[in-house]
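To keep things clear, I will list the structure first and then write my remarks on it.
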Amino acid sequence: MLSPAILFAAVLNGLMTGAVYALVGLGLTLIYGVLHIINFAHGALLTAAMFAAFFAHRLLGLDPCVAAIFIAPLFFLFGYGLQRFIIGPAAHGDDRNILLVTLGLAVIIENALLYAFGADTRTINLPYAFDVVEVGPAFVALPRIVAFIAVFAVALGLWLMMRWSDTGKSIRAVAREKLGAELAGIEVAHVYAVTFGLGTACVAIAACLLTPSYYVNPHAGNAFVLIAFTIVVLGGMGSVAGALIGGLFVGVVESLSGYYLGESLGQIGIFVMFILVLLFRPRGLFGGPA
Amino acid sequence: MRRFAPTLVVMALLATVPLITSSNVVLNFLVVALLIALVGQGWNLLGGYGGQYSFGHAAFFGTGAYITAVLQVRYGINAWLGFCIGIAVGALVGALIGALSFRSGLKGSYFALVTLAFAEVLRVVASVAPVTGAGVGTLIKLDLRPEAFQFQSRASFYWIVLGLVGVSTMLMRVIECSRFGAYLVAVRENEDAAEALGVNTTIVKLGAMTISAAITAAGGCFYAQYFLFVDAGIAYGPWISIEALLAPIIGGAGTLFGPLLGALVVKALGELAKLATGGAPGLDLVIYGCVLILVVAVAPRGIAGVLSDLRQRALAPTTALAASLGRGHG
């Protein structure tokens, strides 16, 4: 059986991975909480951002963490445009249409990347990628600790923005009562697009944090799609705190089931959990009444 | 018999194609398009008529394909028998997933998510389980005898898949005209109202999902016999879930010939894209995605909807006249 030290290391590594999952889930839950749509293009947007981070490093020599400062606003604009000019107008406000449009976007983005860059798997080599930090009896890779801290910084920033800024207030108003917000002079289509942009920016930052330790190819984001859905369903659709806790929880579950069941069956642990939560508690473990 | 007339005419016309051309390229294209039409017809029953959008029809396609292949290769069971068992097991998987998700009241996006998750679980299991050949996949031995469901000529395969499309389309027509079909459309239009009027919506959706899964599984069984190779990415991969919904949505969801029309258009576009780029991967799917969004945005009822609008417009003068005459009498 496992010694406590290995168990501790597994849990710790799970928490580090889970933080990045949480950030991907945060983008998804933000979009769901306001627009009430499930964004099936989320994984493809993550892949696109990973390519952006990769080429920022390859062509401009930017460290992915520095590149995030440029890539996040870029993807905010991209997400804004997608919602404002494609998803919104194309879907005619019908939920089933939105499902199809975001699925179509996912197919387009993923395969455009495949067409442009081929199926090759790329990795970034950073000098500090294999530096480790000693945490108690365990060692953790430096990029993962940076990512862990960055995720909480982003979550805090997002929370402050939602709480105090005018944009945040109008987003919350639209989420709470769309018609009322519209009557009060808030432009709902704009707020929707801003929210979608913020969700996309979250994914872009997650991508920049992933690239130092994860490979980049046109299907790389897929591995995160169901994980992100799991987190969001687990934490309760639309709940930001739920996404954070759900992300950390899923990271630990994946890490532990990876140790016990092996790499490929470790994934199943997540999917089974996902299906069970969907079937028996679709409003999530931490979500309020539906 | 009259209710089947349009289906029979279309099938009879398509059945003459191998008599006109023996080009393997043409026949291969049509076999694949008809296979997608079959899989799409399965999706159409649940998604088009019932309004329950599944993103995981690969679960049924893959089950059919694997059952057919594995039964033959590992247990020496006759291919035709394996084909029938594959359809039955596919239907069972559909009933199980349906029972679990509909009893939990999953609708809309949640239903799409849970079907996607089930297909992914099956994919991961199939890619590690020894009985499916794990990562290597399962290769069916070449045995060109009709008893082994393998044929020298593509024409035989063509007629078989055409027959399957014909049978499924007629089945769809029977359902359209039945009480069950009316309940199903009622569920799509307004589930709460249907429930209030005494329709047992869970049973109706469950029935639709089971038949839908059986039809899609038949497509998977046929795939295994036609290509003689199955692996986890082919059988349970997202590509087939996407093609299964692409064909009916583009052709016209909830219409009899939508999946067939959509499959032909989609596959033709895919071939054109391949010609234009010299077979570089990705571009055909980019085009599918664009067409999907365009259809949703501009023609939500698909090609069949556009055609019926055009016919309505052609008939419009007479209709307007009749209406004005009717008003004159009133």
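State to the nearest 20 debye the size of the charge dipole of the protein assembly as shown about its Cα centre, where the only charges are +1 on K and R beta carbons and -1 on D and E beta carbons. Walk me through the intermediate numbers first.
Values: 31 positive and 26 negative charges, 236 e Å.
Roughly 1140 debye for the protein assembly as shown.
Enter the angle in degrees (range 0 to 90, nearest 10) between the Cα long axis of helix B:24-43 and the first principal axis of the Cα atoms of chain B, meaning the one along which they spread out most.
That helix lies at roughly 60 degrees to the long axis.
For the protein assembly as shown, compute Rg over Rh where Rg is the Cα radius of gyration and Rh is the Kirkwood radius from the inverse mean 1/r over Cα pairs.
Details: Rg = 25.5 Å, Rh = 25.8 Å.
My calculation puts Rg/Rh at 0.99.
With unit charges on the beta carbons (Lys and Arg positive, Asp and Glu negative) and the dipole taken about the Cα centre of chain A, which residue among A:Thr200, A:Ala173, A:Leu126 sits farthest to the positive side?
Result: A:Ala173.
In degrees between 0 and 90, to the nearest 10, how far off the longest principal axis of chain B does helix B:154-177 point, with axes built from Cα atoms?
Helix B:154-177 sits at roughly 40 degrees to that axis.
Computed on protein heavy atoms with a 1.4 Å probe, what is the summed buried accessible area for the chain pair B and A, in Å² to the nearest 100? Before the final figure, lay out the partial values.
Working: alone 15830 and 13900 Å², together 26350 Å².
Summing both chains' loss of accessible area gives about 3400 Å².
In square angstrom, rounded to the nearest 10, how much accessible surface does B:Met11 have for a 1.4 Å probe?
In the full protein context, B:Met11 sits at about 20 Å².
Put B:Glu120, A:Glu177 in order of accessible area, largest first, 1.4 Å probe: what do you get? Numbers along the way, then the final one.
Numbers: B:Glu120 30, A:Glu177 100 Å².
In descending accessible area the options line up as A:Glu177, B:Glu120.
Return the single residue from B:Ala99, B:Ala316, B:Ala58 with maximal mean-square fluctuation; model: Gaussian network over chain B, springs between Cα atoms under 10 Å.
Ranking B:Ala99, B:Ala316, B:Ala58 by mean-square fluctuation puts B:Ala316 first.
How much of the accessible area of the protein assembly as shown, in percent, comes from carbon and sulfur atoms when a 1.4 Å probe is used?
The nonpolar share, carbon plus sulfur, comes to 68 percent.
Just to be sure I understand the curve: with the Debye formula and one point per C-alpha of the stretch B:30-160, what is log10 I(q)/I(0) at q = 0.13 Å⁻¹?
-0.63
How do A:Asp94, B:Asp284 stack up against each other in accessible area, from largest to smallest, with a 1.4 angstrom probe?
Values: A:Asp94 65, B:Asp284 30 Å².
Putting A:Asp94, B:Asp284 in descending order of accessible area: A:Asp94, B:Asp284.
Roughly how big is the stretch B:121-246's charge dipole about its Cα centre, with Cβ charges of +1 (Lys, Arg) and -1 (Asp, Glu), in debye to the nearest 20?
Numbers: 8 positive and 9 negative charges, 68 e Å.
Using Cβ point charges on Lys, Arg, Asp and Glu, the stretch B:121-246 gives about 320 debye.
Tell me which residues come under 5 Å, amide H to amide H, from A:Ala138 once H is placed; ignore anything under 5 positions away on its chain.
Amide H to amide H, under 5 Å and 5 or more residues apart or across chains, A:Ala138 pairs with nothing.
In a shell of Cβ-Cβ distance under 14 Å around B:Ala235, excluding B:Ala235 itself, what net charge do Lys and Arg (+1) and Asp and Glu (-1) give?
Numbers: positive: B:Arg123; negative: B:Glu120, B:Asp231, B:Glu243.
Cβ neighbours under 14 Å give a net charge of -2.
Any aspartates and glutamates with Cα under 19 Å of the B:Lys267 Cα? List them, leaving off those in the same chain fewer than 8 positions away.
Answer for B:Lys267, where 19 Å is the Cα cut-off: B:Glu243, B:Asp284, listed by chain and number.
With a 10 Å radius around each residue's Cβ, average the other Cβ atoms per peptide and rank B:302-308, B:86-92, highest first.
Working: B:302-308: 18.1, B:86-92: 22.9.
Highest to lowest by the protection proxy: B:86-92, B:302-308.
Averaged per residue, what accessible surface does chain A expose to a 1.4 Å probe, in Å²?
Numbers: 12220 Å² over 290 residues.
That works out to 42 Å² per residue.
Quote the accessible area belonging to B:Ser54 in square angstrom, nearest 10, computed with a 1.4 Å probe and with ligands, DNA and RNA left uncounted.
0
Could you tell me how far the Cα centroid of the stretch B:244-278 sits from the Cα centroid of the stretch A:147-207, in Å?
38
How shielded is A:114-125 by partner chains, expressed as the average number of their Cβ atoms within 10 Å of its Cβ atoms?
On the way: counts 6, 9, 4, 1, 3, 2, 0, 0, 0, 0, 0, 0.
The per-residue average across the peptide is 2.
What is the helix-to-structure angle for A:95-117, meaning the angle in degrees between its Cα long axis and the longest Cα principal axis of chain A, kept from 0 to 90 and rounded to the nearest 10?
In chain A, helix A:95-117 runs at an angle near 50 degrees to the longest axis.
Can you pull the accessible area of A:Thr123 for me, 1.4 Å probe, Å² to the nearest 10?
My reading of the accessible area for A:Thr123 is about 80 Å².
Straight-line reach from B:Lys107: which lysines have a Cα under 30 Å away, not including same-chain ones fewer than 8 places off?
Output for B:Lys107: A:Lys178, B:Lys205.
Once every DSSP H run of n ≥ 4 in the protein assembly as shown is given -39500 (n - 2.57) and the sum is divided by its residues, what mean residue ellipticity at 222 nm do you get, rounded to the nearest 500 deg cm²/dmol? Working shown, then result.
Values: 27 runs with 462 residues, N = 620.
So the calculated ellipticity at 222 nm is -25000 deg cm²/dmol.
Could you work out the mean count of beta carbons from other protein chains within 10 Å of each residue's beta carbon in B:237-244?
Taking all residues of B:237-244 together, the mean is 2.
Work out the charge dipole of the stretch A:49-171 with +1 on the Cβ of Lys and Arg and -1 on the Cβ of Asp and Glu about the Cα centre, then indicate which of A:Pro89, A:Phe152, A:His57 is farthest towards its positive end.
A:Pro89
With a ≥ b ≥ c taken as the square roots of the eigenvalues of the C-alpha gyration tensor of the stretch A:172-278, please select rounded if a/c is under 1.5 and otherwise prolate if a/b is larger than b/c or oblate if it is not? Write down the numbers at each step before the final one.
Details: a/c = 3.21, a/b = 1.85, b/c = 1.73.
Taking the square roots of the gyration eigenvalues as a ≥ b ≥ c, the stretch A:172-278 is prolate.
Could you work out, residue by residue across B:186-199, how many beta carbons of other chains sit within 10 Å of that residue's beta carbon, and then give the average as an integer? Kindly include the intermediate steps, with their values, before the conclusion.
Values: counts 0, 0, 1, 0, 0, 0, 0, 0, 0, 0, 0, 0, 0, 0.
The per-residue average across the peptide is 0.
Excluding ligands, DNA and RNA, what is the solvent-accessible area per residue of the stretch B:1-145 at a probe of 1.4 Å, expressed in Å²? Let's see the in-between values first.
Working: 5860 Å² over 145 residues.
About 40 Å² of surface per residue is accessible.
Which whole-Hz couplings ³J(HN,Hα) result when phi for each residue of the stretch A:167-184 is put into the Karplus expression 6.51 cos²θ - 1.76 cosθ + 1.60, θ = phi - 60°, listed in order with x for Gly and Pro?
Values per residue, Gly and Pro as x: 4, x, 5, 5, 4, 5, 5, 5, 5, 6, 8, 4, 5, x, 4, 5, 5, 7 Hz.
The values are calculated or read from the model by the stated rules, or taken from the named source; none is laboratory data. This one's a predicted model, so the numbers in the text were calculated from it and none came from an experiment. A quick note on method: Cβ atoms are made from the backbone with ideal geometry, for glycine too, and the neighbour counts reach across all protein chains shown. Calculation scope for accessible area: heavy atoms of the full protein, side chains included, ligands and nucleic acids excluded. Shrake-Rupley method; radii C 1.70, N 1.55, O 1.52, S 1.80 Å.
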